[in-house]
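Only one structure is covered here, and it is reproduced in the block below.
Since every read-out is calculated from the coordinates, none of them should be taken as a lab result. Here the structure is a predicted model, which is why all the values come from computation and not from measurement. Because the Cβ atoms are built from the backbone with ideal geometry, glycine has one as well, and the counts that use them run over all protein chains shown.
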Amino acid sequence: MLRKGLAIAVLGLALAGGPALAAGSQKEPRTVAWSFNGPFGKFDRAQLQRGYKVYREVCSACHAMSLMSFRNLGQKGGPFFDPKYPNPNDNPYVKTIAKDYEVSDIDGETGDVVKRPATAADRFPSPFPNEAAARASNGGALPPDFSTLSKSREGGPDYIYSLLTGYVTPPAGLQVPTGQHYNPYMPGDVSAYWKGKGHAPVGGMIAMAAPLAPEKVTFDDGTKSTVDQQARDVSAFLAWASEPKMEERKAFGVGAMVYLLILAGLLYVSYRRIWRNVAH
Amino acid sequence: MSGHSNYVPKTGIERWLDARMPIVRLAYDSVVDFPTPKNLNYWYTFGGILALCLGIQLATGIVLAMHYVPHVDHAFASIERIMRDVNYGWLVRYMHANGASMFFIAVYAHMFRGLYYGSYKAPRELLWILGCVIYLLMMATAFMGYVLPWGQMSFHGAVVITNLFGALPVVGESITTWLWGGFAVDNPTLNRFFSLHYLLPFMIAGVVVLHIWALHVVGNNNPTGVEVKSKADTVPFHPYYTVKDGFAIAVFLLMFAAFVFFNPNALGDPVNYVPANPLVTPAHIVPEWYFLPFYAILRAVPDKLMGVLMMFGAIAVLFVLPWLDRSRVKSLRYRPTTRMYFFIFVVACLVLGYCGGKLPDEHVIPGLSTFTLFDADLNSMVWLSRFAAAYYFAYFLVILPWMGLTETPLPQPESISEPVLSHSAATPAGAAASPEKRG
């Protein structure tokens, strides 16, 4: 019994490793019942499409998504996947989205730098040419790239959703510097700005002002465009962008688990049969 | 165990081969006919599980190396490309990343089993030491592998660990420069880590061969710690232990698959999905979970050099363990006092792991300030790790030598078969013997 406990404890230590490190001073993110939670979870296609629209019309003004190509939007598991177009480069919806952007290229004849409409194979163009330009336009802060944002933050989409909807009036006694904004879900330490009594509030300063507002994005499917809805949808979209193969992975995983369970069962029966006459 | 062989070549090809290079005989003697104590429990299945882990890491690693770009400007994006655009790249990469954790879960179970049943004692000292060499190589390989994605934790972890060597007097600085291939962790560091990360697993495989060779000379230890006395104590490895190991492997793979498919990033630090930036240091630099106990020992010592020496000492002490434990009784089943100290030792290791993941000045009991002892509050992670680290070393350097001299062990069975046969369930009448001889 003690030995079994040891094995469980070792595993428990492994599992505790992650959350144990999250001992920051920010508020715990609010938990959202995402459609893609759990071993059978799938992305909500309509939600991903709305989320993409929020990204495109609001976030992409400052945040790059340099690892994403337009074709990713039309691939299996993506927001605009259409079974009629197994090759996402042929997906007319994706082609139309790409065409709206201009990208730099080299003219093959003359060698001149030219602009041409983007194709499905092109990466999302970045809003700034380089890091210095991005910082210069954002009060010295660098808007993080969104390609892996969701999996690079403790709490993932829950955290992004909580941050976006978590902007509050700073508590009295907190002197927020110009160009900064207080958010209780932002990791950090605001004690340097705290002039009130007692402990400084949890949370941190963030250079980004509350980016969302009611009706800021018009959803094509008629969904009411509240800040909460926009935050949910764009968080789901970013979760997909971080793990575009999640649906394939989970579907494969269910098959693998069933296979391994049957294999383990058969091996156990064989084990009992082979060992039945050995006193041990 | 060695020398005697029951192999009889049956076909013409086998006879031809056996006269020239008896490779089939070697395989037969090693994994088919190998006499194995019949009382091995599930703790003894981790050897087979570890062999599988090494195989998985090698196979997935070779495929990953076909797509990975060892360059500071491309490494991060190439890993993401593997997961997004390479066919089943997500599967290969997540198996490799989680496989490292699974490898360490299995190796820790394997080592604690060896400690509990006294598998390091004569005549298995060399077997144990070869195992320690494998463990050391595993740690080096895992550390360098973690650097390759060139995320924030990869980079800053590499900075912290390579700087440790700088604490050594006289040669420290030269060693660090040599490790870096320059004057900071940069592209040459990444390149050589990639090269070594590819090399070391094959060295591990080589030492594994020696480990198995040494095992097959002296034979398995077993939960009673009593050596095999007669043929009645053993069963052939195949089919008895191939099927038992096979079942354990299937169960282990279920846990492995649960991580790979449903929670692939649970064991890693999310910050490593932020590309490395030398100018921005993460809030908490922590190693992967399997290094946390050693990280806690390192930070428990205020002096950097002493901390480094203690950390390496925690591993070095394992190498001399066969000569620290003076008791003639192998299994802790028959050493009740030492067994109690052993379980405290296991708890101390877990506590060290827990402390390694926390900030040193964090309170153990939240909100309770006691009094400052030397440099930190007594109710802090750093003091908890000091107590646990002290116990870790005391277990090897004081308790085991002392217990060997003073403890009166319980009576041991005459042979492996004795405690088994003394159970009421004797072999049923008409039982078919030797199923391995059939089909």
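Given the options B:P409, B:P70, B:P169, which has the most mean-square fluctuation in a GNM of chain B, springs set between C-alpha atoms less than 10 angstrom apart?
Among B:P409, B:P70, B:P169, the largest GNM mean-square fluctuation belongs to B:P169.
Would you mind computing, in nm to one decimal, how far apart the modelled labels at B:D85 and A:T218 are, each placed 7 Å from Cα along Cα→Cβ?
3.7
At a Förster radius of 30 Å, what calculated FRET efficiency corresponds to the Cβ-Cβ distance of B:I365 and B:R192, to the nearest 0.05?
With R0 = 30 Å, the Cβ-Cβ based efficiency is 0.10.
Apply the a/c threshold of 1.5 to the C-alpha gyration tensor of chain A and tell me whether it is rounded, prolate or oblate.
oblate
Would you calculate the separation in nanometres between label points at B:V209 and A:A141, each defined as 7 Å from the Cα along the Cα-to-beta-carbon direction?
5.8
Which loop trypsin sites (Lys or Arg not before Pro) in the range A:21-100, with loop taken from DSSP, have no more than 14 other Cβ atoms within 10 angstrom of their Cβ?
For trypsin sites (Lys or Arg not before Pro) across the range A:21-100 that sit outside H, G, I, E and B with at most 14 neighbouring Cβ atoms in 10 Å, the list reads A:R30, A:K42, A:K76, A:K84.
How about B:K10: which lysines have a C-alpha closer than 27 Å to its C-alpha, ignoring those fewer than 8 places off in the same chain?
B:K231, B:K437
Between A:G204 and residues 5 or more places away or on another chain, which pairs have amide H atoms under 5 Å apart, with H built 1.01 Å from N, and which residues are they?
A:N183, A:Y185, A:M186
Which value, in debye to the nearest 20, describes the size of the charge dipole of chain A about its Cα centre when Lys and Arg Cβ atoms bear +1, Asp and Glu Cβ atoms bear -1, and nothing else is charged?
About 1460 debye.
Among A:A33, A:P201, A:G188, pick out the residue whose Cα is farthest towards the positive end of the charge dipole of chain A, where Lys and Arg carry +1 and Asp and Glu carry -1 on C-beta, about the Cα centre.
Selected residue: A:A33.
GNM, chain B, Cα, under 10 Å: largest mean-square fluctuation among B:R326, B:R25, B:R335?
Ranking B:R326, B:R25, B:R335 by mean-square fluctuation puts B:R25 first.
If R₀ is 30 angstrom, what is the calculated FRET efficiency for the pair B:A184 and A:N130, using the beta carbon separation as r and rounding to 0.05?
Efficiency, rounded to the nearest 0.05: 0.85.
Dividing the Cα convex hull volume of the range A:91-217 by residue count, how many Å³ per residue is that?
Roughly 158 Å³ of hull volume per residue.
Here are some pairs, A:K42/A:K115; A:K95/A:K216; A:K151/B:K358; A:K95/A:K224; which of them have Cα atoms lying more than 31 Å apart in this structure?
Too far apart for the 31 Å limit: A:K42/A:K115.
Output ³J(HN,Hα) for the range A:36-50: one whole-Hz value per residue in order, computed from phi by the Karplus curve 6.51 cos²θ - 1.76 cosθ + 1.60 with θ = phi - 60°, and x for Gly and Pro.
After applying 6.51 cos²θ - 1.76 cosθ + 1.60, I find 9, 6, x, x, 9, x, 10, 6, 8, 3, 5, 5, 4, 5, 5 Hz.
Step through the residues of the range B:85-97 one at a time and calculate ³J(HN,Hα) from phi using the Karplus curve (6.51 cos²θ - 1.76 cosθ + 1.60, θ = phi - 60°), rounding each to whole Hz and writing x for Gly and Pro.
10, 7, 4, 6, x, 4, 5, 5, 5, 5, 5, 5, 5
In terms of the Cα gyration tensor, with a ≥ b ≥ c the square roots of its eigenvalues, is the range B:1-133 rounded because a/c is under 1.5, prolate because a/b exceeds b/c, or oblate?
oblate
How long are the three semi-axes of the equivalent ellipsoid of the range A:12-168, in whole Å, if each is the root of 5 times an eigenvalue of the C-alpha gyration tensor, listed from largest down?
For the range A:12-168, the ellipsoid semi-axes come out as 33, 23, 14 Å.
So for chain B, averaging the separation of alpha carbon pairs under 8 Å that are six or more residues apart and normalising by length, what relative contact order in percent results?
20
Which cross-chain or sequence-distant (5 or more) residues have an amide H under 5 Å from the amide H of A:V114, H modelled 1.01 Å from N in plane?
It is A:D105, A:I106, A:D107, by chain and number.
Pick from A:L263, A:L163, A:L212 the residue whose mean-square fluctuation is largest in a GNM of chain A, springs joining Cα atoms under 10 Å.
Residue with maximal mean-square fluctuation among A:L263, A:L163, A:L212: A:L263.
Quick query: amide H of B:V235 versus all other amide H atoms, modeled in the peptide plane; which residues come in under 5 Å with a sequence gap of 5 or more or a different chain?
HN-HN under 5 Å from B:V235: B:T36, B:K38.
Check cross-link reach from A:K53 to the aspartates and glutamates: straight Cα distance under 19 Å, and skip same-chain residues fewer than eight apart.
Of all the aspartates and glutamates, those that pass the test against A:K53 - Cα under 19 Å, at least 8 places apart if same chain - are A:D44, A:D82, A:D100, A:E102, A:D122, A:D145, A:E215, A:D220, A:D221, A:D228, A:D233, A:E243.
So what's the Cα pair-distance distribution over chain B, bin width 10 Å, in %?
4, 17, 26, 25, 17, 8, 2, 0, 0
Would you work out the charge dipole size for the protein assembly as shown about its Cα centre, treating the Cβ of every Lys and Arg as +1 and the Cβ of every Asp and Glu as -1, and quote it to the nearest 20 debye?
Magnitude of the dipole: close to 2140 debye.
In straight Cα distance, which lysines are under 20 Å from B:K330, not counting same-chain residues fewer than 8 positions off?
Here the lysines satisfying the reach criterion relative to B:K330 are B:K38, B:K121, B:K229.
How much length is gained if the chain between B:A390 and B:A376 is pulled fully straight, taking 0.36 nm per residue apart and subtracting their Cα-Cα distance, in nm to one decimal?
In short, 3.4 nm is gained.
Place the peptides B:223-234, B:255-266, B:152-163 in order of packing, highest mean first, counting for every residue the other Cβ atoms within 10 Å and averaging per peptide.
The most tightly packed comes first, giving B:152-163, B:255-266, B:223-234.
What are the ³J(HN,Hα) values, in whole Hz, obtained from phi via the Karplus relation 6.51 cos²θ - 1.76 cosθ + 1.60 with θ = phi - 60°, for each residue of the range B:332-339 in sequence order, with x given for Gly and Pro?
Taking θ as phi minus 60°, the curve returns 6, 4, 9, 10, x, 5, 4, 4 Hz for the range B:332-339.
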